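Report on the following structure.
Where a number appears in this text, it was derived from the coordinates with a stated rule and is not lab data. Keep in mind that what you see is a predicted model, and the values were worked out from it rather than measured. Note: ideal-geometry Cβ built from the backbone for every residue, glycine included; neighbour counts use all protein chains shown.
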Amino acid sequence: MELRLPFVPLESLVNENQLRIADSFHADDFKYSTSVRGKRLEWLCLSRRLLWMACGHEYIEPECLDWIDRMPPGAVLYDIGASNGIFSMYAAACGLRVIAIEPDPMNYFLLSYNNYLNHRSSGTTLAGCYNLAISDRTAIGSIHMKQMELGGHEKILDKTEDVFGRAFSPEYSHPVLKYTLDDLSEISGLPPPKYLKIDVDGSEFEALSGGTICLGNAKSVFIELTDDAISSFAVSLFENHGFILQSKHQVQNYTGLFNCVFEKPDDPA
């Protein structure tokens with residue numbers, strides 16, 4: 001015998017005060033517009049941190065903006081560890097075809113919503129944004145969040161230690177699909193990257209290990225590395241693919257962490 005529950009109008013389950021609170025929230029009230037190097041961009045700012053990021057966009061990592069500015073329009077850029085899209089959206093506004101990848105579900109929500117805001121206001125749109133991680137094998141992993149914070153960092157794949165190797169107890173861990181860089185491009189049919197931006201809080205070796213084909217085809221890589229990572233694997237790995245270390249900039253507020261640009265020399269022919 002089938003048990004049928006009585007019909008309950010959902011609107012009867014909440015009171016007028018609850019409705020007023022729910023009706024008072026409008027995402028556009030938290031929208032913030034900025035101008036970065038002549039590009040008009042819009043951001044969902046639901047916290048002080050996100051507002052600081054929007055207002056300080058041009059000052060956080062200006063060397064990354066400089067790197068993006070040198071790319072030819074239409075070039076394919078993969079932003080691996082895109083966070084809320086702070087650099088992805090700027091690159092899209094510069095006319096690049098941007099594939100943005102962010103494993104943290106909270107930051108992915110921001111990335112997707114910021115893509116919507118900019119598409120709505122100016123037509124600036126990412127070529128794709130995906131809630132997944134890049135690693136050395138295609139499988140299911142875990143993203144470990146040192147702190148549950150919108151726009152925050154230290155959300156690390158498959159290990160509970162920060163970029164400097166210091167152990168931490170995650171406030172929350174979340175399962176995530178992970179792909180190798182080569183599988184993502186080959187299996188999904190996405191265009192291969194000419195440029196790679198990699199900011200993965202200590203999982204750089206794993207991300208690069210699964211990208212032999214992509215690194216062979218890429219022209220330039222912007223990557224955040226510790227001094228130890230630079231000396232232990234990064235320089236030799238990149239040199240094996242024909243890259244040279246073009247520049248190295250101290251990351252703001254993180255002693256011993258550097259934004260590095262590896263590039264292939266121009267073909268003299």
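Here are a few things to note about the model shown:
- Among the chymotrypsin sites (Phe, Trp or Tyr not before Pro) in region 1-60, those located in a DSSP loop and surrounded by at most 16 other Cβ atoms within 10 Å of their own Cβ are PHE7, PHE25.
- Calculated SAXS-style log₁₀ I(q)/I(0) at q = 0.08, 0.10, 0.12 Å⁻¹ - region 74-263, Debye, Cα scatterers: -0.23, -0.37, -0.54
- For region 155-201, dividing the convex hull volume of the Cα atoms by the residue count gives 92 Å³ per residue.
- Scaled against 2.2 N^0.38 Å for its residue count N, the alpha carbon radius of gyration of region 1-110 is 1.57.
- Working from label points 7 Å from Cα in the Cα-to-Cβ sense, the ARG70 to SER122 distance is 2.3 nm.
- At an R0 of 35 angstrom, the distance between the Cβ atoms of THR212 and HIS26 translates into a FRET efficiency of 0.15.
- The helix-only estimate of mean residue ellipticity at 222 nm for the chain, built from DSSP H runs of length n ≥ 4 each weighted as -39500 (n - 2.57), is -7500 deg cm²/dmol after division by the residue total.
- For region 77-129 and region 13-34, distance of Cα centres in Å: 25
- Each label was represented as a point 7 Å from its Cα along the Cα-to-Cβ direction; for PHE109 and SER12 these points are 3.1 nm apart.
- Segments 163-171, 100-108 sorted - mean Cβ within 10 Å per residue, highest first: 100-108, 163-171
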